[in-house]
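Written out below as structure tokens is the structure these notes cover.
The values are calculated or read from the model by the stated rules, or taken from the named source; none is laboratory data. Because the structure is a prediction, the values reported are computed rather than measured. A quick note on method: Cβ atoms are made from the backbone with ideal geometry, for glycine too, and the neighbour counts reach across all protein chains shown.
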Amino acid sequence: MDDKSYCTFAENDVTLYFDQLTIMKFFFLVILTLAFVFPVFAQNEQAPIVEKEIKYQNWKYPTVRDISKELDLRELSKGKKLVVVVYFAPWCPNWRYDAPKLEAFYKKYQDQGLQIVGVGEYDPVDRMKANIDSLGITFPVVFESVSRAQRGATKHSDYRKETGDKRYTGSPWYILLDPAKYSDDGDTLVKKADVINGEMIMTEGEAYIRKALGLPAANTAAIGTAGEKAASIEACDPQKPIAIKKP
């Protein structure tokens, strides 16, 4: 190989190296961008607390932490002033966004009459347990279903339809119960209740909790976050892309 040919070969080799390096940098930047952008838009499914006609039934479900044990909602509610039941799918970003704030409410108000209980849906129990452990959840968590294939065959699905929730998965979904209004007996606990068809607006949620517990109103502005937006994007719908809107 003469000097000219060698130089051409070396030049092509260096060019190829830098092309590969550029491609690697590009993909790294894409992954990094998605890591920051996706959670922001996934946290965009907030909904107000609204009163709905709903025949909400008592349940007895196995616990996520020990499937040999069951929790009975009516029994769990005894002595409580407010029971917040939150249905969730562990893989849903919207649930992961709400969960730490719910845990903070639980720690702050459980001694004053608040009970929070999670109902896991659409994932194996071991994944539910890993999820609540990673999020530091200490309030009770039970499960109704263990597969995404069960999505249309759960009480969670029935209640969402009954209250007008049009989302694909409906995670999280809340019902806020006043045990003083429970029926004395029978499967149906209440026929009307406040629900949240989406993420909780935390400032509204804490104000609601304090009122239900008979506590004075407080300045809850610090609880609100930049994620509290009015737009509704179904981040837990595998059939819809995340719509990123320009400001």
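Just a few scattered comments:
- Checked against (1) out of contact with any Lys or Arg (no Cβ under 7 Å at 6 or more places or on another chain); (2) at pLDDT below 95, K80 meets all criteria but (2).
- For the range 68-84, a tally of residues being of a type in the set (G, A, S) and under 24 Å from the mean Cα position of the chain (by Cα) returns 1.
Listed here are the residues, each with its yes/no results for (1) modelled with pLDDT of 50 or more; (2) in contact with a Pro (Cβ under 8 Å, 6 or more places away or on another chain); (3) on the phi < 0 side of the Ramachandran plot.
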residue: K192; (1), (2), (3): yes, no, yes
residue: G198; (1), (2), (3): yes, yes, no
residue: A207; (1), (2), (3): yes, no, yes
residue: K211; (1), (2), (3): yes, no, yes
residue: N219; (1), (2), (3): yes, no, yes
residue: G227; (1), (2), (3): no, no, yes
residue: A230; (1), (2), (3): no, no, yes
residue: Q239; (1), (2), (3): yes, no, yes
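- Filtering the range 164-186 for residues that are at positive phi and either polar (S, T, N, Q) or surrounded by fewer than 19 Cβ atoms within 10 Å (Cβ to Cβ) (or both) leaves a non-empty set.
- Sole exception among (1) surrounded by 14 or more Cβ atoms within 10 Å (Cβ to Cβ); (2) among the hydrophobic types (A, V, I, L, M, F, W, C); (3) in contact (Cβ under 8 Å) with a residue 40 or more places away in the chain for V50, by number: (1)
- Of D165, D158, D133, D178, all but one fail to be within 18 Å of K80 (Cβ to Cβ), among the acidic types (D, E) and modelled with pLDDT of 95 or more; the exception is D178.
- Residue ID - surrounded by the most Cβ atoms within 10 Å (Cβ to Cβ), chosen from residues in the range 114-132 that are small (G, A, S) and in contact with a Phe, Trp or Tyr (Cβ under 9 Å, 6 or more places away or on another chain): G120
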